[in-house]
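Step one of this worksheet: look at the structure below.
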Amino acid sequence: MYKILFVVPMIAAALSLTPAYASGDAKCENTSGEWLSHEAIGAKAAELGYEVRKVETDDSCYEVYALDENGGRVEIYMHPVTGAVVKLETKS
Amino acid sequence: MKPPSKIKVWDAFVRLFHWSLVVSFVVAWISAEQSDRVHEWSGYLIAALLITRIAWGFVGTKHARFSSFIYNPVTILKFLLDSLCFRAKRYVGHNPAGGAMIIALLVCLLVITTTGIMMITTTFWGIKWVEELHEITVNLTLGLIFLHLAGVLLASLEHQENLVMSMVTGWKRRNEKNKKRNRMVQKRKKKKAQENWHGF
Ligand code: HEM
């Protein structure tokens, strides 16, 4: 009867220890290992007409949180060297 | 009929709320980095559960009401100390530490759901502090949940009862003291009835 008292916390503990995965399946090939600065990437996104909110790195790419011309929420995955848009995610 | 040594403590809503919350919290945690859609919907479910539980805390059954499990800080600290010394008093409803834990969990979950909903509005999209508050509170809540489980385990061992099963069935053992008092109340009522009878 008391088994459940031990098993349940164990499962909960195990669950809470599972690592969280990094998201975004965008891939950016970068053999140089060099990265443009956050500011440079932000400027490039702004040039494309986005209102930039945040610039982050996500695995091999830059990930820019921004609003498009219509005020819609977007995540833009950009190449760390060329600044090219690799993937655009529009949030509804 | 159930034997009178048992008492219904957690009503159906409290039990449904609890286990739905556990499931939706786990789903939200796992889906956080996997699926926006699943993560958002489990978050909405948690928000709905919280709002109904808070309302139930004012109008619900006896042991579900906030007024029945909010104690002053001194009582809570004394209770925690007694618990660690394995000499804590048994409560049929939430004990003082459990009550404080519930308030802490509800407040944290409110902060998590509020910041979560904010994060997908255009106003707060990509605003760092909102995201950070969301994540910090999640980590804090994981710590609270660990303590919650430790507390349930400790109280169960201390009073030789399965509190987890009680949260499933709603039934708990009646307190010994209450049993005795109930018997006395019963006797007094009987006596009074007899006296009234003689008085006729
Ligand atoms: C599988 C893991 C869990 C178990 C075994 C468990 C067990 C319990 C038990 C036995 C109680 C009643 C405590 C008492 O007798 O006073 C309780 C209450 C509570 N638990 Fe949990 N719990 C679990 C996970 C969680 C999680 C993940 C959360 C929050 C996200 C949570 C939030 C609560 C709340 C808010 C209450 C108060 C219930 C009410 O009166 O409405 N629990 N839990």
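The values are calculated or read from the model by the stated rules, or taken from the named source; none is laboratory data. Just so it is clear, the model here is predicted, and its values are computed rather than measured. Backbone-built Cβ (ideal geometry, glycine too); neighbour counts: all protein chains shown. Quick note on the areas: whole protein, heavy atoms, side chains included, nothing else; ligands and nucleic acids left out. Shrake-Rupley method; radii C 1.70, N 1.55, O 1.52, S 1.80 Å.
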| field | Residues of segment A:70-85 satisfying the condition of being outside any strand (DSSP E or B), within 14 Å of chain B (Cβ to nearest Cβ) and surrounded by 19 or more Cβ atoms within 10 Å (Cβ to Cβ) | value | none
| note | Taking first residues from segment A:42-70 that are touching a residue at least 60 places away in the same chain (Cβ under 8 Å) and second residues anywhere that are surrounded by fewer than 16 Cβ atoms within 10 Å (Cβ to Cβ) and of a type outside the set (Val, Ile, Thr), the pairs with Cβ under 7 Å that are 6 or more apart or on different chains are none
| said: Restricting to segment B:132-164, count the residues that are more than 9 Å from chain A (Cβ to nearest Cβ), open to solvent by less than 40 Å² (accessible area, probe 1.4 Å) and not in a loop (DSSP other than H, G, I, E, B). | reply: 9
| message | Name the single residue that is farthest from the other protein chains (Cβ to nearest Cβ) among those in segment B:21-31 being within 10 Å of the ligand (Cβ to nearest atom) and open to solvent by 40 Å² or more (accessible area, probe 1.4 Å). | response | B:Val23
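Within segment B:145-178, count every residue that is of a type in the set (D, E, K, R), modelled with pLDDT under 95 and either near the ligand (Cβ under 9 Å from one of its atoms) or within 22 Å of B:Asp11 (Cβ to Cβ) (or both).
2
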| said: Regarding segment B:84-95, can at least one residue be identified that is touching a helix residue (DSSP H, G or I) at 6+ places or on another chain (Cβ under 9 Å), in a helix (DSSP H, G or I) and open to solvent by 60 Å² or more (accessible area, probe 1.4 Å)? | reply: yes
| message | From the list B:Ile103, B:Ile51, exactly one residue is assigned to a helix (DSSP H, G or I), open to solvent by less than 70 Å² (accessible area, probe 1.4 Å) and assigned by TED's automatic domain parsing to the domain that holds B:Ala28. Which is it? | response | B:Ile103
